[in-house]
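Just below is one structure, and these are the notes that go with it.
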Amino acid sequence: MKGLSSDTPCYLGLGGNLGHPMALFDEVVQYFQRHPLSRNVKESPRYESAPVDATGPNYVNSVLEIQWLGSAEELLKACLGLETQLGRVRTTRNAPRPIDVDVLLFGQQTVNTPTLTVPHPRMHLRRFVLEPLLQLNPDVQIPALGFARNYLPATQDQIVKAI
């Protein structure tokens, strides 16, 4: 396996607004706790937020912090496979979904491939990402943008509540 030379601190955004997202989040945490390329899994508090650029019920959101022993592409493959396993069917952009597992940050690396963009291109614009991310690491930095906490004030009009 490639990428086993060192572990990379990574952050994953979890979201869902159909079915039972809280139970699915528990399954995501357990999946990464058992995954052979994942270590030190921590989940932020969970939050409820209104859909952004979409319709449907409110979302449940959280962020996972993991130490990943593989490549960014291997992490993406794990996330997409897990989404499918947990019932995600991709239809239209921003459609309601039972689970979404996004790669937000892969260390301080920038990744730009046809299948993966890291840092996640809209993470600094979304309070439902910033709040839980900053709960895990108040000093986290977004490559090319700086400290994530600097972007939180611009998102105060987005209603997010702890659940």
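Identify all residues within the range 105-136 that are in contact (Cβ under 8 Å) with a residue 40 or more places away in the chain, crowded, with 20+ Cβ neighbours inside 10 Å and not in a loop (DSSP other than H, G, I, E, B); write none if there are none. Across the range 105-136, the qualifying residues are 105, 106, 118, 123, 127, 128, 129, 131, 132, 133. Here the condition is being touching a Ser or Thr at 6+ places or on another chain (Cβ under 6 Å) and not hydrophobic (A, V, I, L, M, F, W, C); of 127, 122, 88, 97, it holds for 127 alone.
Considering only residues that are closer than 18 Å to residue 43 by Cβ and either in a strand (DSSP E or B) or open to solvent by 40 Å² or more (accessible area, probe 1.4 Å) (or both), which ones fall in the range 137-163? Across the range 137-163, the qualifying residues are 137, 138, 160, 161, 162, 163. In summary, residue 15 fulfils each of the numbered conditions (1) open to solvent by 70 Å² or more (accessible area, probe 1.4 Å); (2) not in a helix (DSSP H, G or I) with the single exception of condition (1). Taking the listed residues 73, 83, the one that is among the acidic types (Asp, Glu), surrounded by 19 or more Cβ atoms within 10 Å (Cβ to Cβ) and part of a helix (DSSP H, G or I) is 83, with no other qualifying.
Can you work out which of the residues in the range 37-70 that are assigned to a strand (DSSP E or B) and hydroxyl-bearing (Ser, Thr, Tyr) is nearest to residue 129 (Cα to Cα)? Here the answer is 62.
Pairing each residue of the range 5-27 that is farther than 16 Å from residue 103 by Cβ with any residue that is of a type in the set (Asp, Glu), provided the two are 6+ apart or on different chains, yields C-beta distances under 7 Å for 16/100. Within this structure, residue 35 fails the test of being at pLDDT below 95, farther than 14 Å from residue 162 by Cα and either surrounded by 21 or more Cβ atoms within 10 Å (Cβ to Cβ) or not small (Gly, Ala, Ser) (or both).
The values are calculated or read from the model by the stated rules, or taken from the named source; none is laboratory data. Here the structure is a predicted model, which is why all the values come from computation and not from measurement. Heads up, the Cβs are rebuilt from the backbone with ideal geometry, glycines too, and the neighbour counts pull from every protein chain shown. Surface accessibility is based on the protein's heavy atoms, side chains included, excluding ligands, DNA and RNA. Shrake-Rupley method; radii C 1.70, N 1.55, O 1.52, S 1.80 Å.
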